[in-house]
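The values are calculated or read from the model by the stated rules, or taken from the named source; none is laboratory data. Computed from a prediction, not measured in an experiment: that's the story for all the values here. Cβ atoms come from the backbone with ideal geometry, glycine included; neighbour counts cover every protein chain shown. We work out accessible area using only protein heavy atoms, side chains counted, and drop any ligands, DNA or RNA first. Shrake-Rupley method; radii C 1.70, N 1.55, O 1.52, S 1.80 Å.
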Amino acid sequence: MISITEKENCTGCYGCTSICPKACITMESDHEGFWYPVVDHDQCIQCGMCIEVCPILQAPSEKNQEEPDPQAYAAYNMDGMTRLESSSGGLFTLIAEEILEAGGVVFGARFDDKFNVVHGYVEQKDGLGEFRGSKYVQSKIGESYRQVRSFLQEGRLVLFTGTPCQISGLKHYLGWEHDNLFCQDIVCHGVPSPKAWQNYVSYRENRADSPARRIAFRRKDRGWKRYSVSFTFNDDTEYRQILHQDLYMQAFLKDICLRPSCHACHFKTVHRDSDITLADFWGIQNVLPEMDDDKGTSLVIVHSPKGEELMDQIHERVVTREIDVWQGIKH
(Lines give C-alpha, C1' and ligand atoms only; values in the text may rest on other atoms or scores of the structure.)
Protein backbone atom coordinates (compact mmCIF):
# COMPACT_ATOMS: atom_id res chain seq x y z
CA MET A 1 0.00 0.00 0.00
CA ILE A 2 1.08 3.58 -0.51
CA SER A 3 2.70 5.31 2.45
CA ILE A 4 3.95 8.89 2.24
CA THR A 5 6.73 9.36 4.79
CA GLU A 6 8.24 12.48 3.22
CA LYS A 7 5.73 15.03 2.01
CA GLU A 8 7.87 16.24 -0.86
CA ASN A 9 7.23 12.79 -2.41
CA CYS A 10 3.52 13.41 -2.94
CA THR A 11 2.03 15.90 -5.39
CA GLY A 12 -1.58 15.25 -4.34
CA CYS A 13 -2.41 14.15 -7.89
CA TYR A 14 -5.21 11.72 -6.86
CA GLY A 15 -3.71 8.89 -8.92
CA CYS A 16 -3.63 6.44 -6.02
CA THR A 17 -7.18 7.06 -4.84
CA SER A 18 -8.43 6.96 -8.45
CA ILE A 19 -6.86 3.55 -9.20
CA CYS A 20 -7.68 1.75 -5.93
CA PRO A 21 -10.00 -1.21 -6.73
CA LYS A 22 -11.39 -1.26 -3.18
CA ALA A 23 -11.88 2.53 -2.89
CA CYS A 24 -10.03 2.37 0.40
CA ILE A 25 -7.76 5.40 -0.17
CA THR A 26 -9.03 8.87 0.64
CA MET A 27 -7.28 12.21 0.23
CA GLU A 28 -7.22 14.13 3.50
CA SER A 29 -5.83 17.55 4.34
CA ASP A 30 -2.91 18.03 6.69
CA HIS A 31 -2.55 21.03 9.01
CA GLU A 32 -1.30 23.19 6.12
CA GLY A 33 -4.29 22.28 3.94
CA PHE A 34 -2.54 19.98 1.44
CA TRP A 35 -4.10 16.63 0.46
CA TYR A 36 -2.33 13.34 1.14
CA PRO A 37 -3.53 9.74 0.73
CA VAL A 38 -4.83 7.87 3.76
CA VAL A 39 -5.37 4.10 3.48
CA ASP A 40 -8.11 2.14 5.23
CA HIS A 41 -5.95 -0.83 6.27
CA ASP A 42 -8.99 -3.02 6.99
CA GLN A 43 -10.13 -2.76 3.36
CA CYS A 44 -6.73 -2.79 1.64
CA ILE A 45 -5.94 -5.99 -0.32
CA GLN A 46 -2.22 -5.16 -0.82
CA CYS A 47 -2.55 -5.13 -4.62
CA GLY A 48 0.13 -2.46 -5.00
CA MET A 49 -1.72 -0.56 -7.73
CA CYS A 50 -1.49 2.69 -5.75
CA ILE A 51 2.29 2.45 -5.73
CA GLU A 52 2.47 1.53 -9.42
CA VAL A 53 0.43 4.59 -10.42
CA CYS A 54 2.32 7.16 -8.31
CA PRO A 55 4.23 9.50 -10.67
CA ILE A 56 6.94 10.14 -8.04
CA LEU A 57 7.37 6.71 -6.44
CA GLN A 58 7.61 5.19 -9.93
CA ALA A 59 9.80 8.11 -11.07
CA PRO A 60 8.63 10.45 -13.81
CA SER A 61 9.10 9.00 -17.27
CA GLU A 62 12.61 9.94 -18.30
CA LYS A 63 12.69 11.81 -21.56
CA ASN A 64 15.90 11.39 -23.50
CA GLN A 65 17.77 14.59 -22.80
CA GLU A 66 19.66 14.04 -26.06
CA GLU A 67 16.42 14.42 -28.01
CA PRO A 68 16.21 17.51 -30.24
CA ASP A 69 14.94 20.57 -28.43
CA PRO A 70 11.17 20.93 -28.74
CA GLN A 71 9.69 23.52 -31.06
CA ALA A 72 8.72 26.76 -29.39
CA TYR A 73 6.66 29.76 -30.40
CA ALA A 74 5.62 33.17 -29.25
CA ALA A 75 1.91 33.45 -29.97
CA TYR A 76 -1.32 35.23 -29.16
CA ASN A 77 -4.98 34.89 -30.07
CA MET A 78 -6.22 37.33 -32.73
CA ASP A 79 -9.51 37.64 -30.83
CA GLY A 80 -8.84 40.62 -28.57
CA MET A 81 -11.66 39.91 -26.10
CA THR A 82 -10.61 36.28 -25.53
CA ARG A 83 -7.03 37.45 -25.10
CA LEU A 84 -8.11 40.04 -22.53
CA GLU A 85 -9.99 37.39 -20.54
CA SER A 86 -6.98 35.04 -20.60
CA SER A 87 -3.87 35.18 -18.42
CA SER A 88 -1.44 35.45 -21.33
CA GLY A 89 -2.10 35.07 -25.06
CA GLY A 90 -5.38 33.16 -25.13
CA LEU A 91 -4.04 29.96 -26.75
CA PHE A 92 -5.87 27.56 -24.41
CA THR A 93 -9.25 28.71 -25.74
CA LEU A 94 -8.30 28.06 -29.36
CA ILE A 95 -6.92 24.60 -28.60
CA ALA A 96 -9.97 23.69 -26.51
CA GLU A 97 -12.36 24.89 -29.21
CA GLU A 98 -10.70 22.58 -31.74
CA ILE A 99 -11.35 19.59 -29.46
CA LEU A 100 -14.95 20.59 -28.79
CA GLU A 101 -15.69 21.21 -32.48
CA ALA A 102 -14.59 17.62 -33.13
CA GLY A 103 -17.10 16.34 -30.57
CA GLY A 104 -14.56 16.05 -27.77
CA VAL A 105 -14.38 16.89 -24.07
CA VAL A 106 -12.15 19.45 -22.34
CA PHE A 107 -10.92 19.13 -18.74
CA GLY A 108 -9.58 22.07 -16.75
CA ALA A 109 -9.51 23.88 -13.42
CA ARG A 110 -12.43 26.07 -12.31
CA PHE A 111 -13.93 27.62 -9.20
CA ASP A 112 -16.82 25.87 -7.45
CA ASP A 113 -19.56 27.86 -5.72
CA LYS A 114 -17.33 28.41 -2.66
CA PHE A 115 -14.28 29.41 -4.72
CA ASN A 116 -12.46 26.15 -4.14
CA VAL A 117 -10.46 25.24 -7.25
CA VAL A 118 -11.55 21.90 -8.70
CA HIS A 119 -11.05 19.99 -11.95
CA GLY A 120 -14.05 19.44 -14.18
CA TYR A 121 -14.99 19.07 -17.82
CA VAL A 122 -17.11 20.79 -20.47
CA GLU A 123 -18.57 19.60 -23.75
CA GLN A 124 -19.74 22.98 -25.08
CA LYS A 125 -17.79 26.14 -25.94
CA ASP A 126 -19.87 28.33 -23.65
CA GLY A 127 -18.38 26.48 -20.67
CA LEU A 128 -14.77 27.31 -21.48
CA GLY A 129 -14.90 30.64 -19.66
CA GLU A 130 -14.78 28.78 -16.33
CA PHE A 131 -11.40 27.29 -17.24
CA ARG A 132 -9.92 30.46 -18.72
CA GLY A 133 -7.44 32.38 -16.56
CA SER A 134 -4.92 31.26 -13.96
CA LYS A 135 -6.00 29.92 -10.56
CA TYR A 136 -3.14 30.10 -8.08
CA VAL A 137 -4.37 27.28 -5.85
CA GLN A 138 -3.92 23.51 -6.03
CA SER A 139 -6.90 22.12 -7.93
CA LYS A 140 -8.68 19.03 -6.64
CA ILE A 141 -8.68 16.29 -9.30
CA GLY A 142 -11.56 14.38 -7.71
CA GLU A 143 -13.13 12.00 -10.25
CA SER A 144 -11.46 13.58 -13.30
CA TYR A 145 -8.99 10.76 -14.06
CA ARG A 146 -11.78 8.18 -14.02
CA GLN A 147 -13.95 10.43 -16.20
CA VAL A 148 -11.10 10.85 -18.70
CA ARG A 149 -10.72 7.08 -18.94
CA SER A 150 -14.45 6.65 -19.50
CA PHE A 151 -14.54 9.21 -22.33
CA LEU A 152 -11.47 7.67 -23.96
CA GLN A 153 -13.07 4.22 -23.85
CA GLU A 154 -16.10 5.70 -25.63
CA GLY A 155 -13.78 6.87 -28.41
CA ARG A 156 -14.19 10.57 -27.60
CA LEU A 157 -11.38 13.07 -28.07
CA VAL A 158 -10.21 14.41 -24.70
CA LEU A 159 -8.12 17.47 -23.90
CA PHE A 160 -6.80 17.38 -20.33
CA THR A 161 -5.17 20.55 -19.01
CA GLY A 162 -3.33 20.89 -15.71
CA THR A 163 0.03 21.13 -14.00
CA PRO A 164 2.91 18.89 -15.16
CA CYS A 165 2.51 16.58 -12.15
CA GLN A 166 -1.22 16.23 -12.82
CA ILE A 167 -0.49 15.27 -16.44
CA SER A 168 2.05 12.71 -15.26
CA GLY A 169 -0.42 11.37 -12.70
CA LEU A 170 -3.05 10.95 -15.41
CA LYS A 171 -0.62 9.19 -17.77
CA HIS A 172 0.48 6.77 -15.01
CA TYR A 173 -3.16 6.14 -14.08
CA LEU A 174 -4.15 5.33 -17.68
CA GLY A 175 -1.12 3.08 -18.13
CA TRP A 176 -0.58 3.53 -21.86
CA GLU A 177 -0.80 6.18 -24.57
CA HIS A 178 -4.17 6.93 -26.15
CA ASP A 179 -4.38 8.42 -29.63
CA ASN A 180 -7.53 10.34 -28.67
CA LEU A 181 -5.97 12.00 -25.58
CA PHE A 182 -4.36 15.43 -25.84
CA CYS A 183 -2.58 16.90 -22.82
CA GLN A 184 -1.64 20.52 -22.23
CA ASP A 185 0.34 21.59 -19.18
CA ILE A 186 1.80 24.89 -17.98
CA VAL A 187 5.07 26.28 -16.76
CA CYS A 188 4.11 26.03 -13.11
CA HIS A 189 5.40 28.25 -10.30
CA GLY A 190 4.02 25.83 -7.71
CA VAL A 191 0.63 25.24 -6.08
CA PRO A 192 -0.43 27.12 -2.92
CA SER A 193 -2.41 25.57 -0.10
CA PRO A 194 -6.21 25.43 -0.62
CA LYS A 195 -6.54 26.18 3.11
CA ALA A 196 -4.45 29.34 2.80
CA TRP A 197 -6.57 30.37 -0.17
CA GLN A 198 -9.87 29.82 1.64
CA ASN A 199 -8.56 31.81 4.60
CA TYR A 200 -7.76 34.66 2.22
CA VAL A 201 -11.20 34.53 0.60
CA SER A 202 -12.75 34.76 4.08
CA TYR A 203 -10.45 37.66 4.95
CA ARG A 204 -11.47 39.59 1.85
CA GLU A 205 -15.17 38.90 2.38
CA ASN A 206 -14.94 40.01 6.02
CA ARG A 207 -13.14 43.20 5.01
CA ALA A 208 -15.82 43.94 2.40
CA ASP A 209 -18.66 42.78 4.66
CA SER A 210 -20.10 41.00 1.62
CA PRO A 211 -19.72 37.57 -0.03
CA ALA A 212 -17.55 37.36 -3.13
CA ARG A 213 -19.36 36.96 -6.46
CA ARG A 214 -16.39 36.83 -8.85
CA ILE A 215 -12.65 36.41 -8.35
CA ALA A 216 -9.90 36.89 -10.91
CA PHE A 217 -6.20 36.39 -10.19
CA ARG A 218 -5.07 38.07 -13.40
CA ARG A 219 -7.06 41.17 -14.38
CA LYS A 220 -4.96 42.74 -17.10
CA ASP A 221 -7.17 45.49 -18.50
CA ARG A 222 -4.59 47.86 -17.02
CA GLY A 223 -1.68 45.88 -18.44
CA TRP A 224 -0.39 42.29 -18.69
CA LYS A 225 2.91 42.90 -16.91
CA ARG A 226 1.24 44.68 -13.97
CA TYR A 227 -1.84 42.50 -13.59
CA SER A 228 -4.23 42.85 -10.67
CA VAL A 229 -6.05 40.53 -8.28
CA SER A 230 -9.77 41.31 -8.26
CA PHE A 231 -12.67 40.36 -5.96
CA THR A 232 -16.15 41.51 -6.96
CA PHE A 233 -18.65 41.29 -4.10
CA ASN A 234 -22.42 40.81 -3.98
CA ASP A 235 -22.91 44.45 -2.96
CA ASP A 236 -21.23 45.47 -6.27
CA THR A 237 -18.06 46.73 -4.60
CA GLU A 238 -14.66 45.56 -5.78
CA TYR A 239 -11.29 44.92 -4.22
CA ARG A 240 -8.52 45.28 -6.77
CA GLN A 241 -4.80 45.36 -6.07
CA ILE A 242 -1.73 45.12 -8.26
CA LEU A 243 0.23 41.88 -7.95
CA HIS A 244 3.07 43.39 -5.91
CA GLN A 245 0.69 44.72 -3.26
CA ASP A 246 -1.87 41.94 -2.90
CA LEU A 247 -1.11 39.85 0.20
CA TYR A 248 -2.01 36.45 -1.28
CA MET A 249 -0.17 37.05 -4.54
CA GLN A 250 2.94 38.05 -2.62
CA ALA A 251 2.79 34.88 -0.52
CA PHE A 252 2.50 32.87 -3.74
CA LEU A 253 5.29 34.63 -5.63
CA LYS A 254 7.62 34.44 -2.61
CA ASP A 255 7.00 30.68 -2.25
CA ILE A 256 5.62 31.01 1.27
CA CYS A 257 2.52 28.83 0.85
CA LEU A 258 3.56 26.24 -1.77
CA ARG A 259 3.15 22.48 -1.47
CA PRO A 260 6.32 20.71 -0.20
CA SER A 261 6.61 18.69 -3.43
CA CYS A 262 6.81 21.95 -5.39
CA HIS A 263 10.10 22.77 -3.67
CA ALA A 264 11.50 19.46 -4.96
CA CYS A 265 9.65 19.33 -8.29
CA HIS A 266 10.38 16.31 -10.50
CA PHE A 267 8.62 17.75 -13.52
CA LYS A 268 10.29 21.09 -14.32
CA THR A 269 12.02 19.99 -17.50
CA VAL A 270 11.96 21.16 -21.11
CA HIS A 271 10.97 17.66 -22.27
CA ARG A 272 7.50 16.85 -20.93
CA ASP A 273 4.80 14.19 -20.90
CA SER A 274 2.32 16.70 -22.32
CA ASP A 275 1.71 17.45 -25.99
CA ILE A 276 1.87 21.22 -25.49
CA THR A 277 3.13 23.47 -22.70
CA LEU A 278 1.71 26.99 -22.34
CA ALA A 279 3.17 29.84 -20.32
CA ASP A 280 3.42 33.60 -20.10
CA PHE A 281 6.20 34.72 -22.42
CA TRP A 282 7.93 36.91 -19.87
CA GLY A 283 10.79 38.77 -21.52
CA ILE A 284 9.04 38.95 -24.90
CA GLN A 285 10.10 42.62 -25.10
CA ASN A 286 13.72 41.43 -25.23
CA VAL A 287 13.21 38.56 -27.69
CA LEU A 288 10.49 39.79 -30.07
CA PRO A 289 9.62 43.38 -29.14
CA GLU A 290 7.20 43.63 -32.08
CA MET A 291 4.97 41.07 -30.31
CA ASP A 292 4.91 42.99 -27.03
CA ASP A 293 1.81 45.17 -26.74
CA ASP A 294 1.32 44.47 -23.00
CA LYS A 295 -1.90 42.57 -23.71
CA GLY A 296 -0.40 39.11 -23.13
CA THR A 297 1.81 36.85 -25.22
CA SER A 298 2.05 33.09 -24.76
CA LEU A 299 5.10 30.89 -24.86
CA VAL A 300 4.12 27.63 -26.60
CA ILE A 301 6.37 24.56 -26.39
CA VAL A 302 5.36 21.62 -28.61
CA HIS A 303 6.41 18.16 -27.46
CA SER A 304 4.69 15.71 -29.80
CA PRO A 305 3.15 15.24 -33.25
CA LYS A 306 -0.27 15.62 -31.61
CA GLY A 307 0.83 19.00 -30.29
CA GLU A 308 2.03 19.99 -33.76
CA GLU A 309 -1.34 18.93 -35.16
CA LEU A 310 -3.19 21.21 -32.73
CA MET A 311 -0.94 24.16 -33.55
CA ASP A 312 -1.53 23.58 -37.27
CA GLN A 313 -5.29 23.56 -36.72
CA ILE A 314 -5.33 26.96 -35.01
CA HIS A 315 -2.62 28.72 -37.03
CA GLU A 316 -5.06 30.97 -38.94
CA ARG A 317 -6.38 32.42 -35.69
CA VAL A 318 -3.07 33.27 -33.99
CA VAL A 319 -0.19 35.62 -34.47
CA THR A 320 2.86 33.40 -34.05
CA ARG A 321 6.64 33.45 -34.40
CA GLU A 322 8.92 30.45 -34.02
CA ILE A 323 11.69 30.99 -31.47
CA ASP A 324 14.47 29.01 -29.83
CA VAL A 325 13.05 27.25 -26.77
CA TRP A 326 15.93 28.41 -24.59
CA GLN A 327 15.19 32.03 -25.47
CA GLY A 328 11.61 31.40 -24.51
CA ILE A 329 12.33 30.00 -21.06
CA LYS A 330 15.20 32.36 -20.21
CA HIS A 331 12.97 34.71 -18.21
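What shape does the stretch 1-64 have by the C-alpha gyration tensor, where a ≥ b ≥ c are the square roots of the eigenvalues, rounded means a/c under 1.5, and otherwise prolate means a/b greater than b/c and oblate the rest? Note, shape of the stretch 1-64 comes out oblate. Each pair of Cα atoms in the stretch 6-121 enters the Kirkwood radius, and Stokes-Einstein at 37 °C and 0.692 mPa s then converts it into a translational diffusion coefficient of 181 µm²/s. How many percent of Cα pairs in the stretch 53-148 exceed 23 Å? In whole percent, the long-distance tail amounts to 42.
Any idea what log10 I(q)/I(0) is at q = 0.09 Å⁻¹ for the chain, Debye with uniform C-alpha scatterers and no solvent? Each listed q corresponds, in turn, to -0.47.
For the stretch 91-228, the solvent-accessible area works out to 43 Å² per residue, with a probe of 1.4 Å and every protein chain left in place.
Calculated on the Cα set of the stretch 215-329, radius of gyration then Dmax: 17.2, 49 Å. Taking 22 Å as the limit for the C-alpha separation, the pairs Lys114/Lys254; Lys7/Lys140; Lys114/Lys195 exceed it in the case of Lys114/Lys254. Working note: Cα gyration tensor of the stretch 182-251, eigenvalues times five, square-rooted, sorted largest first, giving semi-axes of 22, 16, 12 Å. Here the peptides 311-317, 96-102 are ranked by packing, the mean other Cβ count within 10 Å, and the order with the highest first is 96-102, 311-317. When its C-alpha radius of gyration is set against 2.2 N^0.38 Å (N residues), the stretch 115-224 gives a value of 1.24. For the stretch 103-152, the Kirkwood hydrodynamic radius from C-alpha pairs, put into Stokes-Einstein at 37 °C and a viscosity of 0.692 mPa s, yields a diffusion coefficient of 289 µm² per second.
Across the stretch 8-24, computed HN-Hα scalar couplings (Karplus, 6.51 cos²θ - 1.76 cosθ + 1.60, θ = phi - 60°) run 5, 9, 9, 8, x, 7, 6, x, 5, 6, 6, 8, 4, x, 9, 6, 9 Hz from first to last residue, x flagging Gly and Pro.
A straight Cα-to-Cα reach below 22 Å connects Lys125 with the lysines Lys135, Lys306, residues fewer than 8 places away in its own chain not being considered.
What the phi angles of the stretch 255-272 give under the Karplus curve with 6.51, -1.76 and 1.60, with θ = phi - 60°, is a coupling list of 6, 7, 10, 8, 4, x, 5, 5, 7, 9, 5, 8, 10, 8, 10, 6, 8, 10 Hz, glycine and proline written as x. Given the stretch 272-331 reduced to its alpha-carbon atoms as identical point scatterers, what log10 I(q)/I(0) does the Debye formula return at q = 0.28 Å⁻¹? The Debye formula, applied to the Cα set alone, gives -1.30.
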